[in-house]
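**Student:** Can you keep this structure in mind? I'll have questions shortly.
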Amino acid sequence: MELALTIITGFMVIGAIYAIHAKDLLSAVIACGIVGYGLVICFLLLKAPDLAIVQIVVDTMSLIIMVTVVLNTSREEPYYGLDSRGRTLAVAALALIIALLYYFVISTGHLDAFGESHLRMSEAYMNGAAEKTGSANLVTGVVFDFRGYDTLGEATVLVTAVLGVIAILRLKGKK
Amino acid sequence: MIPYWMCFALFLVGLYGVITRRNLVKIAISLSIMEVSTFLFFALMGYIEGGKFPIVDPAEPGQLYVDPLPQALVLTAIVIGLATTSLLMAVIIRIYRKYKTFDIREIRNLRG
C-alpha cells in the first residue's frame, strides 16, 4: 500500500519536474496531466472514490483549457540563458526550499504516522451521520448537510469565476 | 512517512517552478502542481490502514472507515482549483493577445 503510493507519487514528481523544464509548452501541459491523473490513482488507493471521480473530471477540463490556450498562442519556449537575475532567483528558491525543509522536518514529529490517523473532530460528524443526514455516503453527508453553507459559498465562487472569465475574454484590448 | 515526503517534494517542485520560470503558462502549471500536492496531503492525513470507503453499510455496524472530513474539504478545494485555473488561463490569453509573448520580463519591459 505504502509502496504503491510511493511509486505513483514518484511518477508524479518526475512528471512535475519534466513539466517545468520542457522546451515545448504542449508537452509541459501534457506532463502536468501526469500529475493530475496520478492524483486520481492516489485517491483511489487512499479510499476516496468521490475525490477520484471529481478529480478525473476537473483534471480533464483543466487539461483541455490549457491545451486550447497553448495551441491558440505559441508552443515553443525559447531557451533563456542563465543570466545574473535568473541565477539570483534560483539561489533564492533553493534557500526558501531549504528553510521549508527545516520546518517540514520539525512538523513531521507532530503528524500521525501514515495510516494511523486519529479521528479528532470528525467523530462528531461520523457518529450516526447516516441516520442524521439520510445519506449512506459520509462524504456527501458532510459536504451537503453539515457543511452546506460552505458548499453554497463554493458554488458562488464558481459563478464568480465564470463571470470573470466572460468579462476578461469579451473585453476589447486597447490598440 | 515516505508518502508525506513525496507529497512535500511535489510541493517544492511547484514552488521552484513558480519562482524561477519566466513563462506564464509554466507558472500556471507550477501553481496547479502545488495545488495537487496540498490535495494529496489532505487525503494522506485522513487515511487509516484497514479502513473502508466512507460509505455506510447498514449490514455491518462497527466497521472502520477512513476519515471523511478531509475528503469533504478537498472535494470543495478541487472545484475551486478548476475555477482558479480557468480564470488564470483567461488572463494569460489576454496578455498574449496584447503583448505577443509569454515572457514575464519582456512584458515588464514593454510596459516601460
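The values are calculated or read from the model by the stated rules, or taken from the named source; none is laboratory data. Not measured: the values here are computed from a predicted model. No Cβ is skipped: glycine too gets one built from the backbone with ideal geometry, and neighbour counts run over all protein chains shown. Each accessible area value is taken on the protein alone, full model and side chains, heavy atoms only, with ligands, DNA and RNA left out. Shrake-Rupley method; radii C 1.70, N 1.55, O 1.52, S 1.80 Å.
**Student:** For region A:87-110, indicate whether the set of residues that are aromatic (Phe, Trp, Tyr) and under 21 Å from B:GLN71 (Cα atoms) is non-empty.
**Tutor:** No, every residue in region A:87-110 fails to be aromatic (Phe, Trp, Tyr) and under 21 Å from B:GLN71 (Cα atoms).
**Student:** Which condition number does A:SER74 fail, the rest of (1) touching a helix residue (DSSP H, G or I) at 6+ places or on another chain (Cβ under 8 Å); (2) free of Cβ contacts under 8 Å to residues at least 60 places away in the same chain; (3) within 25 Å of B:PRO68 (Cβ to Cβ); (4) not in a helix (DSSP H, G or I) being met?
**Tutor:** (3)
**Student:** Just the residues that are buried (at least 17 other Cβ atoms within 10 Å of the Cβ), facing another protein chain (nearest Cβ under 7 Å) and out of contact with any Ser or Thr (no Cβ under 8 Å at 6 or more places or on another chain), please, taken from region B:35-52.
**Tutor:** B:VAL36, B:PHE39, B:ALA43, B:LEU44, B:GLY51
**Student:** In addition: If A:VAL13 satisfies every condition in (1) more than 30 Å from A:THR140 (Cα to Cα); (2) at pLDDT below 90; (3) within 16 Å of the chain's Cα centre (by Cα) but one, which is the exception?
**Tutor:** Result: A:VAL13 passes all but (2).
**Student:** Which is on the phi < 0 side of the Ramachandran plot and either open to solvent by less than 40 Å² (accessible area, probe 1.4 Å) or in contact (Cβ under 8 Å) with a residue 40 or more places away in the chain (or both), of A:GLY148, A:GLY128, A:GLY109?
**Tutor:** A:GLY148
**Student:** Taking region B:70-91 as the region of interest, how many residues are open to solvent by 20 Å² or more (accessible area, probe 1.4 Å) and over 16 Å from the mean Cα position of the chain (by Cα)?
**Tutor:** Summing the residues that are open to solvent by 20 Å² or more (accessible area, probe 1.4 Å) and over 16 Å from the mean Cα position of the chain (by Cα) in region B:70-91 gives 1.
**Student:** Also, I was wondering about something else. Determine if region A:97-113 includes at least one residue that is touching a Leu at 6+ places or on another chain (Cβ under 6 Å) and either closer than 24 Å to B:PRO3 by Cβ or within 7 Å of chain B (Cβ to nearest Cβ) (or both).
**Tutor:** There is at least one residue in region A:97-113 that is touching a Leu at 6+ places or on another chain (Cβ under 6 Å) and either closer than 24 Å to B:PRO3 by Cβ or within 7 Å of chain B (Cβ to nearest Cβ) (or both).
**Student:** Condition test on B:ILE107, is it more than 8 Å from chain A (Cβ to nearest Cβ) and aliphatic (A, V, I, L, M)?
**Tutor:** yes
**Student:** Continuing with the same structure: Any residue at all in region B:58-72 that's closer than 30 Å to A:HIS21 by Cβ and hydrophobic (A, V, I, L, M, F, W, C)?
**Tutor:** Looking for residues that are closer than 30 Å to A:HIS21 by Cβ and hydrophobic (A, V, I, L, M, F, W, C), one finds none in region B:58-72, hence no.
**Student:** Specify the residue that is nearest to the other protein chains (Cβ to nearest Cβ); the eligible residues are those in region A:15-29 that are free of Cβ contacts under 8 Å to residues at least 40 places away in the same chain, open to solvent by 10 Å² or more (accessible area, probe 1.4 Å) and of a type outside the set (S, T, N, Q).
**Tutor:** So, considering only residues that are free of Cβ contacts under 8 Å to residues at least 40 places away in the same chain, open to solvent by 10 Å² or more (accessible area, probe 1.4 Å) and of a type outside the set (S, T, N, Q), the one nearest to the other protein chains (Cβ to nearest Cβ) is A:ILE17.
**Student:** Among the residues that make up region A:47-60, is at least one of them within 7 Å of chain B (Cβ to nearest Cβ), surrounded by fewer than 18 Cβ atoms within 10 Å (Cβ to Cβ), under 30 Å from B:LYS52 (Cα atoms) and not β-branched (Val, Ile, Thr)?
**Tutor:** The answer is yes, given that some residue of region A:47-60 is within 7 Å of chain B (Cβ to nearest Cβ), surrounded by fewer than 18 Cβ atoms within 10 Å (Cβ to Cβ), under 30 Å from B:LYS52 (Cα atoms) and not β-branched (Val, Ile, Thr).
**Student:** Give the residue that is surrounded by the most Cβ atoms within 10 Å (Cβ to Cβ), with candidates limited to residues of region B:92-112 that are in contact with a helix residue (DSSP H, G or I) (Cβ under 6 Å, 6 or more places away or on another chain) and hydrophobic (A, V, I, L, M, F, W, C).
**Tutor:** Top of the filtered list is B:PHE102.
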